[in-house]
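The values are calculated or read from the model by the stated rules, or taken from the named source; none is laboratory data. What you see is a predicted model, and the numbers here were worked out from it, not measured in a lab. A quick note on method: Cβ atoms are made from the backbone with ideal geometry, for glycine too, and the neighbour counts reach across all protein chains shown.
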């Protein structure tokens, strides 16, 4: 019997029986819509796992208290905002505890679940009730205050529970318009790319991320994570509504126009309560001033909010992994290609990063990304070149607390089958930067290889939220949801994956890798004929991409077309290296074909070939 400590969230719809009596079909439609547009996306964005949905109730688990509280607060505020426009609104009560549970397959039982359910019953409509361990862990780390409701004796729990409610602007349960939190809440919306060139999107995104990172170093600010902020990218945003949804008092929005060696950045800080500008500025500068300009913007925001910037915080803001503009641009470009490029870009990405570290040998983030991309290149093209190990070690030597460097080292250890060592590096990376794409994607890969699919899903959903054009994370999430028998989760991931792939195909009809990942989505959604058509197209576009051929073979296994699967897997196995075989051996997608004599022959031939090849 396995036990673990986890954050348990129980949610229930207020007055559900009464609503069903009045209009059963309409109530069910509203509940499904709320789950699809509010509840499930926010759970995914904050790395939670929906354990089960029971009628109008939901049981969710999280790896961290702050993620659970932030997610629950966002759900309540978005649901309450929606409720104001409906005569028969959906509203939740939510209970949260930190406790021990018993793990049984994908389900959890025990005291943690029971306490969360009892707390949910004590929460006011639209409110959140939590146990003392949750309050103690979260105090000072989230932009909320807590009201102490004292000890309560509840059914089937021997000891009294000290209950608190979360106080957030616009939510039920003791919300106070004048309530002030210990930290000022702010969201930095993605800066718009005004350059007239979609290729410059990587630059405006990089500016936004750097400002989020800078502001996160200020102890008196509670900054909405990058993954949550970027869910608003490309949307017309009502600032006041976004602030209510996110539980923040201020929103920063702006734009970036880059032309030649000049850059124009506009930024405005808005007080959501009054919908008024607290501060606004336009900067026209030489591109070489970009780092000083980012410092200036961050410090101007702190000053406008009348907050005190400690000397150590000012120094932290001004410290950057590089101060070389050309190296910075190359890094941002490589990062974008890494998430959205084709197999043909793998060599280009490595070349961009090698140039970046040639220009600035002390650029730790570029070394870390180089390590990851060298590992990716080996998998895609069965390359026997650099493993990425030296680059990862260089990144760690330059910046031992760099999350991406630990993630890169973990990725390379995982490729060697050293999973426990890899996991230690991934845990270190996640502790340092739990929202980063470059941290969550490699961690997910390790969890998948270890068949720890619930943990992989949490990382994959975070990675997908952190990089809105990425298609790898959702493609892998489909497989992980299917591995744990969560068909609804798999279909949700497949729909989101297909939407991203189709958007890429409009801009790049020859993007074979994206089309290949779209095949996974089509298979899950039951569109077998379209999936086969896309598979043929992808193979024509990238016939030498071993990773693509392998994935298409896995999709044919899912379609029970074992003849085609063996044909495609044969291409992959004949060029596979040891790191490929380690992945193949642990991939649940191949379980239905493992006893097929033709598949066994492919494995044995590959193992003999690799064993006879000099290391």
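Yes or no: residue 72 out of contact with any helix residue (DSSP H, G or I) (no Cβ under 6 Å at 6 or more places or on another chain), under 20 Å from residue 40 (Cβ atoms), in contact (Cβ under 8 Å) with a residue 40 or more places away in the chain and crowded, with 24+ Cβ neighbours inside 10 Å? Spelling it out, residue 72 is indeed out of contact with any helix residue (DSSP H, G or I) (no Cβ under 6 Å at 6 or more places or on another chain), under 20 Å from residue 40 (Cβ atoms), in contact (Cβ under 8 Å) with a residue 40 or more places away in the chain and crowded, with 24+ Cβ neighbours inside 10 Å.
For region 237-257, a residue qualifies if it is part of a loop (DSSP other than H, G, I, E, B) and farther than 28 Å from residue 285 by Cα, and the qualifying residues are 238, 247, 248, 249. If you filter region 224-234 down to residues that are outside any helix (DSSP H, G or I) and modelled with pLDDT of 80 or more, you find that the one that is surrounded by the most Cβ atoms within 10 Å (Cβ to Cβ) is 224. Restricting to region 524-546, and then to whatever is assigned to a helix (DSSP H, G or I) and buried (at least 22 other Cβ atoms within 10 Å of the Cβ), can you tell me which residue is nearest to the chain's Cα centre (by Cα)? Here the residue is 524. Of the helices (runs of 4 or more DSSP H) lying entirely inside region 1-84, the ones with 3 or more residues being in contact with a strand residue (DSSP E or B) (Cβ under 8 Å, 6 or more places away or on another chain) are found at 65-83.
Considering only residues that are in contact with a strand residue (DSSP E or B) (Cβ under 7 Å, 6 or more places away or on another chain) and part of a helix (DSSP H, G or I), which ones fall in region 296-320? Residues satisfying the conditions are 297, 300, 301, 304. Whether any residue in region 606-615 is assigned to a helix (DSSP H, G or I) and under 18 Å from residue 535 (Cβ atoms) is what I want to check. No: zero hits. Residues in region 321-353 that are modelled with pLDDT of 90 or more and either in a loop (DSSP other than H, G, I, E, B) or out of contact with any helix residue (DSSP H, G or I) (no Cβ under 8 Å at 6 or more places or on another chain) (or both): 2 in all.
When the test is whether a residue is surrounded by fewer than 19 Cβ atoms within 10 Å (Cβ to Cβ), at pLDDT below 90, within 30 Å of residue 3 (Cα to Cα) and in contact with a helix residue (DSSP H, G or I) (Cβ under 8 Å, 6 or more places away or on another chain), residue 111 does not pass it.
Residues are listed down the side, and each one gets a yes or a no for (1) at pLDDT below 90; (2) surrounded by fewer than 24 Cβ atoms within 10 Å (Cβ to Cβ); (3) in contact with a helix residue (DSSP H, G or I) (Cβ under 6 Å, 6 or more places away or on another chain); (4) farther than 21 Å from residue 333 by Cα:
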site	(1), (2), (3), (4)
355	no, yes, yes, no
360	no, yes, yes, no
364	no, yes, yes, no
368	no, no, yes, no
371	no, no, yes, no
377	yes, yes, yes, no
381	yes, yes, no, yes
384	yes, yes, no, yes
405	no, no, yes, no
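Checked against the criterion of being modelled with pLDDT of 90 or more, farther than 22 Å from residue 263 by Cα and either out of contact with any helix residue (DSSP H, G or I) (no Cβ under 8 Å at 6 or more places or on another chain) or in the same structural domain as residue 406 (by TED's automatic domain parsing) (or both), the candidates 316, 391 yield just one match: 391. Applying the criterion of at least 1 residues that are under 21 Å from residue 372 (Cα atoms) to the helices (runs of 4 or more DSSP H) found wholly in region 412-512 leaves 419-432, 437-449, 453-466, 472-483.
Being within 20 Å of residue 69 (Cα to Cα) and buried (at least 22 other Cβ atoms within 10 Å of the Cβ) is a description that does not apply to residue 218. For region 555-566, indicate whether the set of residues that are modelled with pLDDT of 90 or more, closer than 11 Å to residue 516 by Cα and either outside any loop (DSSP other than H, G, I, E, B) or under 31 Å from the mean Cα position of the chain (by Cα) (or both) is non-empty. Within region 555-566, one or more residues are modelled with pLDDT of 90 or more, closer than 11 Å to residue 516 by Cα and either outside any loop (DSSP other than H, G, I, E, B) or under 31 Å from the mean Cα position of the chain (by Cα) (or both). Note on region 583-602: residues that are in contact with a helix residue (DSSP H, G or I) (Cβ under 7 Å, 6 or more places away or on another chain) and either part of a helix (DSSP H, G or I) or farther than 20 Å from residue 535 by Cβ (or both) amount to 11.
Does region 7-60 hold any residues that are out of contact with any helix residue (DSSP H, G or I) (no Cβ under 8 Å at 6 or more places or on another chain) and more than 30 Å from residue 462 (Cβ to Cβ), and which are they? Scanning region 7-60 gives 15, 17, 18, 21, 22, 23, 24, 25, 26.
Of everything listed in (1) over 29 Å from residue 391 (Cβ atoms); (2) surrounded by fewer than 19 Cβ atoms within 10 Å (Cβ to Cβ); (3) free of Cβ contacts under 8 Å to residues at least 60 places away in the same chain, the single unmet condition for residue 307 is (3).
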